[in-house]
Structures are given as structure tokens and as C-alpha cells.
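Worksheet: one structure, shown below.
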Amino acid sequence: MREHRSGPGERTSRRPRSEQAHRTREFEAFVAGAAGRLLHSATLLTAESRTANPHARALLAAALAHTYAVWGRLRDEDPYDLARRDLAARFARSAWRHHGGRGPLAALSPQERLVVVLRLYEGVAEEQVAALLGLSEARVRAVCARSVAVLRAAARDPGRGAAA
């Protein structure tokens, strides 16, 4: 890292262009490999269709922008996990906008969708979901079990609105 003085006594750091280009290439490779799965998760969360999912795309764009912003500071942290956590947190903060929908999880509330997507689609451990959402592990288990029951009932009776 090169340092330069920008004023009396001030030091700021500048990344050499080659380092920044390398960082950008690494991030682009990450996006090429992870964006599809993250978009699918976001689409499940927002209960939008695969072809018409503007809210999911906005969530993904914001999560990826955050991931890029901290990319140079990632050490042993998994960038996919970071992007997924950011996506989930953004969805949780805006969940009031995502009631209803037309996707396969539309029969669930936003919190139920978040638990189901993280636990069953993404395979995140109960204790991690609980910590991310500020819930107890028992609550995460209960929400997940109730959500699966709702989805099974909706699958048996498509008129309930869960089928897309």
C-alpha cells in the first residue's frame, strides 16, 4: 500500500491500480459463481416470480454492493456467507413490503420465508439463523416446522395461494 500526504500531517492510503484491478477481478469471479443462487434466495424471500422479481434484484444488488465495499477487508470470512447475511438482513428490515406474492413461498409470512430459505434452501444452522434474526433456537425450530406444515397443506390444496 502506498501512502501519500494530502495535507499537513495527514496520511491516506491509496491502493495501486494493479491491486484494485485484482480485487475487482476476484469480486467479478465471485459474482459469476454466486449471484444466481443468491438471486434465487432473494426471489424466494420476496415471493416474486423468477421472471418478474424487481424487489429480489434490488436486494441482491444492495447485498453485492456491500460485499464489494468490504471485499478488501475480508480475510478468512466466506464472501458468500457475508452476502447471504446481508441479503437476509436487508430483507428482514424491509419485510413489511413483501407480504403476499406469487412464488412458491407466498403462503408464508416474511419471517417464515426468511427462516425457511435460510434453514432449508441455504442450509444455515439453527443457531446461526437464530443469531442473525435475534430469535431463540427453539423459536427458529418452531417457525420452520410450522412453515413446512403450511407449505405441505398448500401443496395439497393449491387454491390456498402457495402454488405459483
Query raised in the report: So between residue 92 and residue 26, what do we pick up on full extension, going 0.36 nm a residue minus the alpha carbon distance?
Result: 20.9 nm
**Report entry** Residue-span extension gain [residue 157 to residue 51] - 0.36 nm each, minus C-alpha spacing
**Finding:** 35.7 nm
Query raised in the report: How many percent of Cα pairs in the range 59-119 exceed 15 Å?
Result: 54 percent
Report summary line: Sorted by chain and then number, the residues having a modelled amide H within less than 5 Å of the amide H of residue 103, at least 5 places away or on another chain, are 48
Report task. Could you calculate the FRET efficiency of residue 125 with residue 73 from 1/(1 + (r/R0)^6), where r is the beta carbon distance between them and R0 is 25 Å, rounded to 0.05? Result -> 0.50
**Report entry** Label-point separation, residue 138 to residue 37 (7 Å along Cα→Cβ), nm
**Finding:** 3.3 nm
Report summary line: One finds the C-alpha centres of the range 112-132 and the range 62-107 to be spaced, in Å, by 13 Å
Query raised in the report: All other residues with a Cβ under 15 Å from the Cβ of residue 113 taken together, and with Lys, Arg as +1 and Asp, Glu as -1, what is their net charge?
Result: +4
Query raised in the report: Once all Cα-Cα distances of the range 28-72 are split into 10 Å bins that start at 0, what whole-number percent is in each one?
Result: 30, 52, 17, 1
Query raised in the report: Counting only protein heavy atoms and using a 1.4 Å probe, what share of the accessible area of the range 27-164 belongs to carbon plus sulfur, as a whole percent?
Result: 54 percent
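The values are calculated or read from the model by the stated rules, or taken from the named source; none is laboratory data. All of these numbers come straight from a predicted model, not from anything done at the bench. Glycine also receives a Cβ, built like all others from the backbone with ideal geometry; neighbour counts cover every protein chain displayed. Quick note on the areas: whole protein, heavy atoms, side chains included, nothing else; ligands and nucleic acids left out. Shrake-Rupley method; radii C 1.70, N 1.55, O 1.52, S 1.80 Å.
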